[in-house]
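Asker: I'd like to ask you about the structure that follows.
The values are calculated or read from the model by the stated rules, or taken from the named source; none is laboratory data. Keep in mind the model is a prediction, meaning the values are calculated, not measured. Using ideal geometry, Cβ is built from the backbone for each residue, glycine included, and neighbour counts are taken over all protein chains shown.
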Amino acid sequence: MGALVRRCRAEWGPLYATVRGALRAGRWRAVPMTLGAVCLTAVLQFVQNRPWGYGPVQDAGAVRAEDPLWLALVRTPLSLFVPALDLPVWGALAQILIVFGIAEICLGWWRTLVVAYVATLAGTLYARVGIALGPHRPLGLPGADALVVDTGPSAAVVGLAVFLCRRHRAYVTAGIVTGAMVAEVIVKDNLAGKEHLAAIAAVLVVCALSAARHRRSDRERAGAGSGLPPIHS
């Protein structure tokens, strides 16, 4: 039991301490963007379930692979906060509140939105590539998926979860999240599952670029501290 507790502290201790300290100091004021995102998602859910609101919400935030690329790019930011009609809205609200909230505390609101957008955009663009490849190739998708309405925060949530785990060295948790997404594709081979994997791949690229930038900054600071000229790669 003691070994398990130590492993849990090593895995989640730094992340837990960061979140707990921020919430104790600022309570809900620590996550204003997250609360705004939860409210926006709830409002969009209410509106799209009204006869007068379904069309405008679809026009503003519904993305399909059959749409022109420019239109999909315009709609993608809002699509993140449009709950999928075939899923319970409380799931989307809980995902945003928990994962976006932790991310906002650890990364700041604008970095959270950037990572969330990168993950969502990766899924959106993958759908087009997969349909172009066709269903008989490993990463391909059937042509019917071009008609699927692609909305909701799930890709962003998965991407943010992996990014946070990598940043705070919770590598086991990152592996579990990734493994769960792989299992999802194996059990239920659909567009959403493969988009989640595309989101994870995009976020891992962001993690690698961020790590490379930090290593370069460390080398430059070390060179400046030793009185030597900075090393540029």
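Asker: From the list PHE46, PHE81, pick out the single residue that is among the aromatic types (Phe, Trp, Tyr), crowded, with 21+ Cβ neighbours inside 10 Å and either modelled with pLDDT of 95 or more or under 18 Å from the mean Cα position of the chain (by Cα) (or both). Reasoning before the result, please.
Answerer: On the way: PHE46 fails: crowded, with 21+ Cβ neighbours inside 10 Å.
Within the list PHE46, PHE81, the selection yields PHE81.
Asker: Here is a follow-up. So which of ALA155, ALA201, ALA212 ends up being of a type in the set (Gly, Ala, Ser), assigned to a helix (DSSP H, G or I) and more than 15 Å from the chain's Cα centre (by Cα)?
Answerer: Working: ALA155 fails: more than 15 Å from the chain's Cα centre (by Cα); ALA201 fails: more than 15 Å from the chain's Cα centre (by Cα).
Checking each option against the conditions leaves just ALA212.
Asker: Tell me, please, whether a residue that is of a type in the set (A, V, I, L, M) and touching a strand residue (DSSP E or B) at 6+ places or on another chain (Cβ under 6 Å) can be found in the range 114-134.
Answerer: No, every residue in the range 114-134 fails to be of a type in the set (A, V, I, L, M) and touching a strand residue (DSSP E or B) at 6+ places or on another chain (Cβ under 6 Å).
Asker: Residues of the range 126-164 being under 23 Å from PRO83 (Cα atoms) and charged (D, E, K, R), which ones?
Answerer: ARG128, ASP145, ASP150
Asker: For the range 94-124, which residues satisfy the criterion of being within 18 Å of ALA201 (Cα to Cα) and in contact (Cβ under 8 Å) with a residue 40 or more places away in the chain?
Answerer: Within the range 94-124, THR112, LEU113, VAL115, ALA116, TYR117, VAL118, ALA119, THR120, LEU121, ALA122, GLY123, THR124 meet the criteria.
Asker: Can you report the number of residues in the range 93-116 which are surrounded by fewer than 17 Cβ atoms within 10 Å (Cβ to Cβ) and not β-branched (Val, Ile, Thr)?
Answerer: Taking the range 93-116 as the starting set, the residues that turn out to be surrounded by fewer than 17 Cβ atoms within 10 Å (Cβ to Cβ) are 94, 97-98, 108, 110-111, 114.
If we keep only those that are not β-branched (Val, Ile, Thr) as well, we get 94, 97, 108, 110-111.
Qualifying residue count, the range 93-116: 5.
Asker: Listed residues LEU141, LEU85; which is outside any helix (DSSP H, G or I), in contact (Cβ under 8 Å) with a residue 40 or more places away in the chain and under 16 Å from LYS194 (Cβ atoms)?
Answerer: Details: LEU85 fails: under 16 Å from LYS194 (Cβ atoms).
That would be LEU141, the only listed residue that is outside any helix (DSSP H, G or I), in contact (Cβ under 8 Å) with a residue 40 or more places away in the chain and under 16 Å from LYS194 (Cβ atoms).
Asker: Sticking with this structure for a sec: Tell me the residue from VAL187, VAL177, VAL149 that is in contact with a Leu (Cβ under 9 Å, 6 or more places away or on another chain) and either farther than 17 Å from ALA72 by Cα or surrounded by fewer than 19 Cβ atoms within 10 Å (Cβ to Cβ) (or both), please.
Answerer: VAL149 is the lone residue from the list that is in contact with a Leu (Cβ under 9 Å, 6 or more places away or on another chain) and either farther than 17 Å from ALA72 by Cα or surrounded by fewer than 19 Cβ atoms within 10 Å (Cβ to Cβ) (or both).
Asker: Specify which of the listed residues (ARG6, ARG27, ARG20) is at pLDDT below 95 and either among the polar types (S, T, N, Q) or at positive phi (or both).
Answerer: Numbers: ARG6 fails: either among the polar types (S, T, N, Q) or at positive phi (or both); ARG20 fails: either among the polar types (S, T, N, Q) or at positive phi (or both).
Step by step, each of ARG6, ARG27, ARG20 is checked, and only ARG27 is at pLDDT below 95 and either among the polar types (S, T, N, Q) or at positive phi (or both).
Asker: Just for the range 161-209: of the residues that are of a type in the set (Gly, Ala, Ser) and without any contact (Cβ under 8 Å) to a residue 12 or more places away in the chain, which one is farthest from THR151 (Cα to Cα)? Can you show your working first?
Answerer: We begin by selecting, within the range 161-209, every residue of a type in the set (Gly, Ala, Ser); these are 161, 170, 174-175, 179-180, 183, 192-193, 198-199, 201-202, 208.
Now drop any that are not without any contact (Cβ under 8 Å) to a residue 12 or more places away in the chain, which leaves 175, 179-180, 183, 208.
On the way: GLY175: 25, GLY179: 23, ALA180: 20, ALA183: 21, ALA208: 27 Å.
This residue is ALA208.
Asker: Could you please let me know if VAL129 is β-branched (Val, Ile, Thr) and more than 28 Å from ALA30 (Cβ to Cβ)? So that I can check it myself, show each step before the final result.
Answerer: Numbers: β-branched (Val, Ile, Thr): yes; more than 28 Å from ALA30 (Cβ to Cβ): yes.
The answer is yes for VAL129.
Asker: Something else now. Residues VAL57, VAL5, VAL31: which one is over 22 Å from LEU164 (Cα atoms) and either buried (at least 17 other Cβ atoms within 10 Å of the Cβ) or without any contact (Cβ under 8 Å) to a residue 40 or more places away in the chain (or both)?
Answerer: VAL57
Asker: Do we have PHE100 as in a loop (DSSP other than H, G, I, E, B) and modelled with pLDDT of 95 or more here? Show your work before the answer.
Answerer: Working: in a loop (DSSP other than H, G, I, E, B): no; modelled with pLDDT of 95 or more: yes.
In short, no.
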